[in-house]
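J.: Below is the structure I would like to discuss, written out as structure tokens.
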């Protein structure tokens, strides 16, 4: 394994313009291209492509095409999870999705970070930190989950929200940046918003 890939997997600053990482990208391009191609495919055919593309896929996972990712092999999806159209999962670091998760259309799970220093950013330096989605989470349409975020089990994130910080289990969060507006398990709410979906 080359230095840049080692550094990427260790969560350190690395240069993505690397032949080894480019080869991993070509693998993803081919598999995503097959998965996203128009035309009828059986559920078994789609499941076979996903099992080759992704690092781990639980039983009963459904991901509607088009689906896009950086590498695929650093994504783990728990059983019975549903991902709607247009998902973008950038997995330069691990993306771990639990069981029974509902992910709306056009959701983005993002692990890469770019340099704030202009010269280093221009040179291409980046690093990535994991994203973790707990069991039974619902992410509404268009949600963006930023690098390093963990969302606790049973939490709901309203459509169009941008999650910049960890969310605990069992809450409803909405907005940009996403804020907790209700504790679902306790039935308490700091606000009485309209339905966020």
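The values are calculated or read from the model by the stated rules, or taken from the named source; none is laboratory data. Here the structure is a predicted model, which means the values were calculated and not measured. Glycine also receives a Cβ, built like all others from the backbone with ideal geometry; neighbour counts cover every protein chain displayed.
J.: Within the stretch 71-87, restricting attention to residues that are closer than 17 Å to residue 36 by Cβ and in contact (Cβ under 8 Å) with a residue 40 or more places away in the chain, which residue is surrounded by the fewest Cβ atoms within 10 Å (Cβ to Cβ)?
T.: Residue satisfying both the conditions and the ranking: 84.
J.: A further question on this structure: Quickly run through the stretch 113-129 and pick out the residues that are under 17 Å from the mean Cα position of the chain (by Cα) and free of Cβ contacts under 8 Å to residues at least 40 places away in the same chain.
T.: 113
J.: Also: Any residue at all in the stretch 137-151 that is surrounded by fewer than 20 Cβ atoms within 10 Å (Cβ to Cβ) and either free of Cβ contacts under 8 Å to residues at least 12 places away in the same chain or more than 14 Å from the chain's Cα centre (by Cα) (or both)?
T.: no
J.: Could you look through the stretch 1-14, keep only residues that are at pLDDT 95 or above and part of a loop (DSSP other than H, G, I, E, B), and pick out the one that is nearest to residue 117 (Cα to Cα)?
T.: 13
J.: Could I ask something else about it? Would you confirm whether or not the stretch 90-103 contains a residue that is assigned to a loop (DSSP other than H, G, I, E, B), out of contact with any helix residue (DSSP H, G or I) (no Cβ under 9 Å at 6 or more places or on another chain) and at positive phi?
T.: Yes, there is a match, as at least one residue in the stretch 90-103 is assigned to a loop (DSSP other than H, G, I, E, B), out of contact with any helix residue (DSSP H, G or I) (no Cβ under 9 Å at 6 or more places or on another chain) and at positive phi.
J.: May I pose another question? Pairs, please: C-beta under 6 Å, at least 6 apart or cross-chain, first residue in contact (Cβ under 8 Å) with a residue 60 or more places away in the chain and in the stretch 35-48, second in a helix (DSSP H, G or I) and surrounded by 10 or more Cβ atoms within 10 Å (Cβ to Cβ)?
T.: Close Cβ pairs (under 6 Å, with a partner that is in a helix (DSSP H, G or I) and surrounded by 10 or more Cβ atoms within 10 Å (Cβ to Cβ)) do not exist here.
J.: Looking at the stretch 17-64 only, could you name the residues that are in a loop (DSSP other than H, G, I, E, B) and buried (at least 18 other Cβ atoms within 10 Å of the Cβ)?
T.: Just the residues of the stretch 17-64 that are in a loop (DSSP other than H, G, I, E, B), to begin with: 17-18, 37-42, 54-55, 58-61, 64.
Correct list: 18, 54, 61.
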